[in-house]
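Below: one structure, written as structure tokens.
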Amino acid sequence: MLIQIGNKLLYRYSREMLQIEPWGKNALRVRATMDMAFLAEDWALLAPESTDVQISLENDFGTIRNGAIT
């Protein structure tokens, strides 16, 4: 299942969860877990910068664009 939650793209398959989100200019942060949810701790070294992200979902496909990266 592929869904958009806010400015994040989330993919769930069986017990695995993958999350892609904008993380500063021209950057994406990718996280994956086998748990039911991501840990509350944010292990990133830098805080994310505000960006203008574009997400599109069509059928079973999704695209996330943040500046020059897709």
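Per-structure values
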| item | result |
| --- | --- |
| Pairs where the first residue, in the stretch 29-42, is of a type in the set (Ser, Thr, Tyr) and the second is part of a strand (DSSP E or B), C-beta under 9 Å, 6+ apart | THR33/GLU16; THR33/MET17; THR33/LEU18; THR33/GLN19 |
| Selection from the stretch 10-23 of residues that are out of contact with any Pro (no Cβ under 6 Å at 6 or more places or on another chain) and either open to solvent by 70 Å² or more (accessible area, probe 1.4 Å) or touching a residue at least 24 places away in the same chain (Cβ under 8 Å) (or both) | TYR11, ARG12, TYR13, SER14, ARG15, GLU16, ILE20, GLU21, PRO22 |
| Single residue of ASN59, ASN66, ASN26, ASN7 found to be open to solvent by 50 Å² or more (accessible area, probe 1.4 Å), over 9 Å from the mean Cα position of the chain (by Cα), of a type in the set (S, T, N, Q) and at pLDDT 90 or above | ASN26 |
| Every residue from the stretch 30-55 that is open to solvent by 60 Å² or more (accessible area, probe 1.4 Å) and of a type in the set (S, T, N, Q) | SER50, GLN54 |
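The values are calculated or read from the model by the stated rules, or taken from the named source; none is laboratory data. Treat the numbers as computed from the prediction; the structure is a model and nothing was measured. Counting neighbours? That spans all protein chains shown, and the Cβs are built from the backbone with ideal geometry, glycine included. Please note that ligands, DNA and RNA were not included when accessible areas were found on the heavy atoms of the full protein model with its side chains. Shrake-Rupley method; radii C 1.70, N 1.55, O 1.52, S 1.80 Å.
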